[in-house]
Amino acid sequence: MKPQFSLLLWLVFALTHAALHAQEVVDERADMPKTPILRIETGMHTAPIKRISTDAAQQVLVSASLDKTVRVWDLKTQRLLRVLRPPIGLENDGTIYAVAISPDGKTVVCGGWTGYDWDRKNYIYVFDQVSGRLLRRLPSPGGVINHLVFSPDGKYLAATIGGGFGLVVYSTADYSVVAKDTDYDGGSYSADFGPSGILLTTCEDGYLRLYDNQFKLVAKHQTQCGKDPVHVAFSTDGAYIAIGFNDAPRLEVFDLNSKQLVKLGKENDDFILSAVAWSVSGNTLYAAGTLENDKDQKLIRVWQLDRPSVYRDWLTPATNLITQLLPRKEGGIIFACANPGYGALDGSGRQVFYKAGLQCDFRAMSENFRVSETGSIIDFRYSYLSQNMGSFFVEERVLDDYDPKAEGMYEPQTKGLPLTRESIYELKLGKQLIKLKDFERPLSVAIAFDKQSFLLGCDFSLRRYDAAGKEIWEKSLTTPAWAVNITPDKNLAVAALGDGTIRWFRYDDGQELLAFFPTNDGKRWVSWTPEGYYDASPGGENLIGWHLNQGKSKESLFFSVSRFRNKFYRPDVIAKVLPMLDVENALLAADEERGLSKSASKQARKTFQLKEVLPPVVSILSPENGTVVSSPQVLLRYTIETPSGEPVTAVKILVDGRPVASTRGLKKSLAAGISEEQATVMIPERDCEISIMAENKSAVSDPASVRIVWKGTAPAQDEFIIKPKLYALVIGISKYKDSDLQLGLAAKDARDFAQNLLSQKGGLYQDVVIKLLTDQQATKDDVLDGLEWLQAQVTSKDIGMLFFAGHGINDNAGTFYLLPVNAELEKLKRTCLEFSQVKTTIASLAGKAVIFLDACHSGNAMGGTQRRSAVADITAAVNELGSAENGAVVFSSSTGRQYSLEDAAWGNGAFAKALLEGLSGRADLMGKGRITVNMLDAFISERVKELTKGRQTPTTVRPPNVPDFPIALKLKK
């Protein structure tokens, strides 16, 4: 089913709204926000990609999005190299419409609605591509910046601007203005340089303007196939130009030699072909936009100039508007789309790659958007093109598969008031027109169960009206509200938005209480309050972070919320927000349960300043990503910035996520709080990833990483290659001294796991050495001795494993403890193992680290199945171990408030049974005889859910700087 409202329309409306709003707020100058702003960060854009650009060698691609970021990608691997963040505002300011990278790949420029809210003019931001530093900003003469393009020789930068402000050309030598033309009757959305430096632009007035290489206007041509040209492209030899339109389902192709239009075959579909590009050879024309097949998959139409009446349609994986096309050097085309995503097809139309976003697409979801009586449970569909649905349980902290038989879930009520849609812009209540903003559309509606009010989701706002059509409140949005609902108790309004979030608002006054972001594969999620208190799945806490403006002329900083886990990770607060309908009261109640009085809670927050506890920021200057080396010795140049003013206490260098020794070299100050440093590291003789992190007394930086390609001498085939050793500390406790803690199969799970590992000796591993601690052998002292043993044994060539099956528990402050056999719950600090002790050991291992945690058990009976006591919250511990600075791959038996289950019929706990089956060969999903971390994760996840009928959901966290690697060979029967 197609969505009721196309994304093309929303993009057009968004840009129109931006232009109109810019004129409306002339006398409403705002200050640039100086306090941190919460933002979603998935490693990919979360809003439509408007423009892309590549360097001349097509090594690097940059993408600009309405999510207010520019992203720099390694085009060969689609690896994200860095995110460029200009200053942003709370509403429109910082929205990026245009981007370009210089032919040499050193400079990135971007612009859009950038700076207008506080300076009454927009700016082009000029970034250094390698360091990410904002070098300067260039003022535009007026409207938003719609398009940017460098001349092929890199000497000039052309900018086309909205609102009739036309064209500005800058010299890149000093970025002075060398030409300007403001005689445009409307916005200009595209420009292209042709041979010899000539320049062509489009305009909403229906004219193309041609400038010579001195940027003097030499021709003005009125388009014939449409009145709103939005893309223009010269053929390689400059003999042809192609024009795409927003208002016509045809292209205009003009032969500059004959001064005639070229008639193309099959242009009269009811689709818009707004994006155009020519092949590198110049004899093939590509066009795309809304063109799609009957499965909503977007197509690229292809013509050959020698046979323009014949066309082919190439299938793409995009399901939303294709926004730009670029020629691919090897043949074929590179495309960007509003999914968001970007990809490439080869010269035959075969997919080369596709990089997609992770957010859900909630369009056309109204009938599938259900809420419980109190709003603590929601059902939603991951994409309008898929029937896959999920259910999120706020208080239980679980994202689960949708259960169509679940009771007490309510669809949006759409009957009971005389609401009728007159057009895409107009909604009437009886004969009364509901007043909205100019060019804003009503997208979704829900009527309260008592029929006394209704909720309206629009392009840029969420609104509540009474039954007579009087507006009660309005909440501004920066993204469309595709679906809305109201809880039956009328306490909450819930909206599914275009940025992939679902948000809860107090129905009385529209105050936002909670946001939820699930990834579209259903594996990770995070929920948070506007103040930044959050809960997350394992691996989910890096999905949001704090954006910090540093001034109008300096790049902004971004810090994942994981950097402030101790302060903001508060699942206890999240669980209370919706029932209490107030974040402040939820926080006070949660703090009181932790033993903190109301006055102490308020004072602690009053004195806390996020800016004072910011971690350092690291950027690698050299080597560049993808550098080829033939020597294991690599010299690193990097900068460290200290935005909090706190001195750096340590610098940590890792290779493939594990710490390595380094020799620190030259250090010099570049500016206040910024230094440049050097270090020499030894790398293995293979492709690898080097990461650098710096820490101060408060926090550790996010890693700066670079990929190194090894081209040194390869070992001869008959040369002996040393296999790694596997060292494993395996712990399982069933017979606790405290009879209330007794378990059935935990000790057996440990013994069976140890035996399974021993069978890998001589295969993947040169040797397998195990320290097995079960029941009475697993005292606190024994476990500490085991951790010390593991740390001493594992070298950089080895793998260290920790397996724990038993109990875990949190104290009132949320600190997680593993319970040894002699644990006393009234004396946690003295008799139990604080998880920080485990973390310290794992982080210091020289080799790869893999952890298996089965620590969420309970002794309560459930028929024949035992629940492995209040359930422990192990999520924080898992996320901390699996962070970049600690570098461990962590397999956890369950998530949220789930228990780990065991059943005598299985012979093991569910997690252990799946793990053993996977390591024995069932996880060899590719049939190649090797079982990697990712394969084991995929197998365990499905197998445990199968065994427990969905009652237990295991999770795996792999640090971003640790590549997938084999951990077992398939055993021969």
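Can you send over the carbon and sulfur percentage of the accessible area for region 256-369, probe radius 1.4 Å, protein chains only? The C+S portion of the solvent-accessible surface of region 256-369 is 47 percent.
When the Debye formula is applied to the Cα atoms of region 617-710, each taken as the same point scatterer, what base-10 log of I(q)/I(0) results at q = 0.15, 0.20, 0.22 Å⁻¹? Normalising to I(0) and taking log10 leaves -0.54, -0.93, -1.10.
Computed from the Kirkwood radius of its Cα pairs, the Stokes-Einstein diffusion coefficient for the chain at 37 °C and 0.692 mPa s stands at 109 µm²/s. The fraction of all Cα pairs in region 637-690 landing in successive 10 Å bins from 0 to the largest distance is 21, 46, 27, 6, given as whole percents. Apply 1/(1 + (r/R0)^6) to the Cβ-Cβ distance of Glu834 and Ser597, taking R0 = 30 Å, and write down the FRET efficiency to the nearest 0.05. Taking R0 as 30 Å, the efficiency between Glu834 and Ser597 is 0.75.
Put a dot 7 Å past the Cα of Leu433, heading toward its Cβ, do the same for Lys554, and the two dots end up 4.9 nm apart.
Of all the accessible heavy-atom surface of region 370-522, with the other protein chains kept in place and a 1.4 Å probe, what percent is carbon and sulfur? Taking all protein chains in place, region 370-522 shows 45 percent carbon and sulfur surface. When each of the peptides 97-104, 152-159 is scored by the mean number of other C-beta atoms lying within 10 Å of its residues, the order from highest to lowest reads 97-104, 152-159. For region 322-428, the average shadow cast by the Cα convex hull is 10.7 nm², which is a quarter of the hull's surface. In the context of the full protein assembly, Thr663 retains an accessible surface of approximately 90 Å², using a probe radius of 1.4 Å and ignoring ligands and nucleic acids. The label point for Lys451 and the one for Asp306, both projected 7 Å from the Cα toward the Cβ, are 7.2 nm apart. Using only the C-alpha atoms, the convex hull of region 701-795 corresponds to 175 Å³ per residue. Can you tell me the FRET efficiency between Asp119 and Ile674 if r is taken as the Cβ-Cβ distance and R0 is 30 Å, rounded to the nearest 0.05? Computed FRET efficiency for Asp119 and Ile674: 0.75.
The reciprocal of the average 1/r between distinct C-alpha atoms defines the Kirkwood hydrodynamic radius, which for region 247-355 equals 13.9 Å. With both labels modelled 7 Å from their Cα along Cα-to-Cβ, the Leu758 to Thr182 distance reads 8.4 nm. The alpha carbon centroids of region 137-192 and region 728-793 are separated by 67 Å. Each peptide among 568-578, 685-695 gets the average number of other Cβ atoms lying within 10 Å of its residues, and from highest to lowest they stand as 568-578, 685-695. Convex hull volume of the Cα atoms of region 669-828, normalised per residue: 173 Å³.
The three principal axes of the Cα atoms in region 370-522 give end-to-end lengths of 43, 29, 27 Å, sorted in falling order. Average 1/r across all pairs of distinct alpha carbons in region 903-961, invert it, and you get the Kirkwood radius: 11.9 Å. Taking every protein chain into account, the accessible area of the chain amounts to 39 square angstrom per residue (probe 1.4 Å). Across region 370-522, the relative contact order, built from alpha-carbon pairs under 8 Å that are at least six residues apart, equals 17 percent. Scaled against 2.2 N^0.38 Å for its residue count N, the alpha carbon radius of gyration of region 504-641 is 1.37. Close amide H contacts of Thr107 (hydrogens built in the peptide plane, cut-off under 5 Å, sequence separation of 5 or more or a different chain): Ser102, Gln129. Dipole magnitude for the chain: about 1200 debye, using +1 per Lys or Arg Cβ and -1 per Asp or Glu Cβ, origin at the Cα centre. Eigenvalues of the alpha-carbon gyration tensor of region 297-363, scaled by 5 and square-rooted, set the equivalent ellipsoid semi-axes at 24, 13, 9 angstrom, largest first.
Short-range pairs are left out: with C-alpha atoms under 8 Å and at least six residues apart, the relative contact order of region 103-245 is 13 percent.
Restricted to Cα atoms, region 111-252 shows a radius of gyration and a Dmax of 15.0, 46 angstrom. Over the chain, DSSP H runs of length four or greater, each weighted -39,500 (n - 2.57), average out per residue to a 222 nm ellipticity of -4000 deg cm²/dmol.
The values are calculated or read from the model by the stated rules, or taken from the named source; none is laboratory data. Since this is a predicted model, take the numbers as computed values, not measurements. Virtual Cβ from ideal backbone geometry, glycine too; neighbours counted across all protein chains shown. Calculation scope for accessible area: heavy atoms of the full protein, side chains included, ligands and nucleic acids excluded. Shrake-Rupley method; radii C 1.70, N 1.55, O 1.52, S 1.80 Å.
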